[in-house]
Amino acid sequence: MTTARELIAGLAGTFTELPVAGGEPDDPIGWPGYPAARAAAAERTGETESVVVGEARVGDVPAVLIAWEFGFLGGSVGQQTGDRIEAAFTRARDRNLPVVSLLATGGSRMQHGMRALSQLQRIARASAAARADGVAQLSVLRNPTTGGGWATLGAGSDVTLGMPLAQVGFAGSRVRPATSPSAAYTAEAKLEWGQLDSLVEPDELNEVVTRWLQLLTSRSTEPAPPPNALRAASLPETGWDAVQAARASTRPRAAEYLDAYFDWREGVQGDRAGGVDAGVLCGFGWRDGRALAYAAQCGTATRPAGFRTAARLVRTASRLGIPVLTLVDTPGAANDAEAEQAGVGPAIAELFEAMAAATVPITSLVIGEGGSGGALAFAAPEATWMTPDAYFSVTSPEAAAAILKRPLRDVPEIAEGLRVRPQDLVGLGLARGIVRP
């Protein structure tokens, strides 16, 4: 396994270790044989604790690094581990530097009893204080990342990356149920279940972390400009023409807009509660020398995990001072039984609240279907734009016909009456304008 020092050397151009407080090695409950085990770990690894902390320069961005040394008592968290992590966050707050946590830990140090477990509260408190001060936090989950390390800095960061095949889980291999499949305790499983943003290969770690730090530390106050339309299209003559244009299979989709808009981008995914909606793309991208966050619907019915992921993205961007771009394109929120059980209503409410509470400018562009509240949750009040081949409606014309108990043959007439065309939305003051190629 790569040591903490080797990992730091491969990641940072410069590194200055924070001074370590003096004092004897801690042995709070007098565990038999612990002093000898600790001395052996120090001799074997050359370290005096399970973490190495210090200031570094990663690419062009100064940062604070917290690197776990698994060879030192399994990377376990003890009293002095907490001391060092708290000092790292204090330095990050004092100098407004992002924190990168490179985890490899088996959890709390058994030989410290409850003193070890209580360090998780210290770590959470230090992390929360830094978050309140606008300090960006990025974690990298190495093999293994279990116990309190995963349940504090690992899972609690703004962006969480995982090494392929890393063991990741709250329960370590020696304490989990024997009947539990080992595949559930992997970085791959956590990615599938929306608890990681992406996997990163070891030889790509420097590049990926460098890009993320550049994105997460780029504050600005100017709103994101709306993207240009990706194809020339005439304005629709009727409401039904607008609906058909938005539903056309040849219409550009969110991924095409994002690729055309950004120089490069990095994605986040998942609602951190077991769900991923592939129909929502979220992340941060680089454009014209600054970072912008994005949350984009991809033309499918948006599921609860999609709304929660977008809310997480907006809250993070707001805290870090990064303007947001949203792309609206959905026939509506998912309304099947599974979506109801997963809390589609509360999820939409969560996104509405995040958008309303954001302290950064949000720009929205409707690029296709704007179906009811599932679309409106992604739209910025007073800063929404339309493409010529898009519509926005209180509900779909078909659903309106059902609600009004009218036959399907009346759908085109209903679409006209709902005033869903881009020019209608501008005329009603609900859209600021119509973008062109």
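Annotations
- A single entry from Val394, Val366, Val360 fulfils the requirement of being touching a helix residue (DSSP H, G or I) at 6+ places or on another chain (Cβ under 7 Å) and either buried (at least 21 other Cβ atoms within 10 Å of the Cβ) or touching a residue at least 60 places away in the same chain (Cβ under 8 Å) (or both): Val360.
- In region 409-430, the residues that are in a loop (DSSP other than H, G, I, E, B) and of a type in the set (Gly, Ala, Ser): Gly429
- Residue within region 2-20 that is out of contact with any helix residue (DSSP H, G or I) (no Cβ under 7 Å at 6 or more places or on another chain), part of a strand (DSSP E or B), without any contact (Cβ under 8 Å) to a residue 40 or more places away in the chain and in the same structural domain as Arg95 (by TED's automatic domain parsing) present: yes
- Ala63 being in the same structural domain as Leu161 (by TED's automatic domain parsing) and under 24 Å from Leu205 (Cα atoms): yes
- Any hit, region 11-29, residues being crowded, with 20+ Cβ neighbours inside 10 Å, in contact with a strand residue (DSSP E or B) (Cβ under 9 Å, 6 or more places away or on another chain) and small (Gly, Ala, Ser): yes
- Candidates Val140, Val135 - the one that is surrounded by 21 or more Cβ atoms within 10 Å (Cβ to Cβ), touching a Leu at 6+ places or on another chain (Cβ under 9 Å) and within 28 Å of Asp277 (Cβ to Cβ): Val140
- Only one of the listed residues (Arg38, Arg57, Arg44) is in the same structural domain as Gln167 (by TED's automatic domain parsing) and under 18 Å from Arg115 (Cβ atoms). That residue is Arg38.
- The strands (runs of 3 or more DSSP E) located wholly in region 268-387 that include 2 or more residues which are of a type in the set (Phe, Trp, Tyr) occupy 280-287.
- Taking every residue in region 250-275 that is of a type in the set (A, V, I, L, M) and pairing it with any residue that is part of a loop (DSSP other than H, G, I, E, B), at least 6 positions away or on another chain, the pairs with Cβ-Cβ distances below 6 Å are Ala254/Cys298; Val268/Asp197.
- Subset of region 32-61 that is polar (S, T, N, Q) and in contact (Cβ under 8 Å) with a residue 40 or more places away in the chain - its residue that is surrounded by the fewest Cβ atoms within 10 Å (Cβ to Cβ): Thr45
- Matching residues in region 210-258 - criterion: being surrounded by 21 or more Cβ atoms within 10 Å (Cβ to Cβ) and among the small types (Gly, Ala, Ser): Ala224, Ala229, Gly239, Ala242, Ala245, Ala246, Ala254
- Exactly one residue among Ala311, Ala334 is buried (at least 23 other Cβ atoms within 10 Å of the Cβ) and within 15 Å of the chain's Cα centre (by Cα), and that residue is Ala311.
- Scope region 388-408; condition assigned to a helix (DSSP H, G or I) and of a type outside the set (Val, Ile, Thr); matching residues: Pro397, Glu398, Ala399, Ala400, Ala401, Ala402, Leu408
- Options Glu237, Glu192; residue that is of a type outside the set (Gly, Ala, Ser) and more than 17 Å from the chain's Cα centre (by Cα): Glu237
- Residues of region 259-277 satisfying the condition of being surrounded by fewer than 17 Cβ atoms within 10 Å (Cβ to Cβ) and of a type in the set (A, V, I, L, M, F, W, C): Ala260, Trp264, Ala273
- The test for being in contact with a Leu (Cβ under 9 Å, 6 or more places away or on another chain), under 22 Å from Asp94 (Cα atoms) and either aromatic (Phe, Trp, Tyr) or not in a loop (DSSP other than H, G, I, E, B) (or both) does not hold for Ser157.
- Condition check for Arg109: of a type in the set (Lys, Arg) and surrounded by fewer than 24 Cβ atoms within 10 Å (Cβ to Cβ): no
The values are calculated or read from the model by the stated rules, or taken from the named source; none is laboratory data. On a predicted model such as this, the values are computed, not experimentally measured, just so you know. Ideal geometry is used to build each Cβ from the backbone, glycine not excepted, and the neighbour counts take in all protein chains shown.
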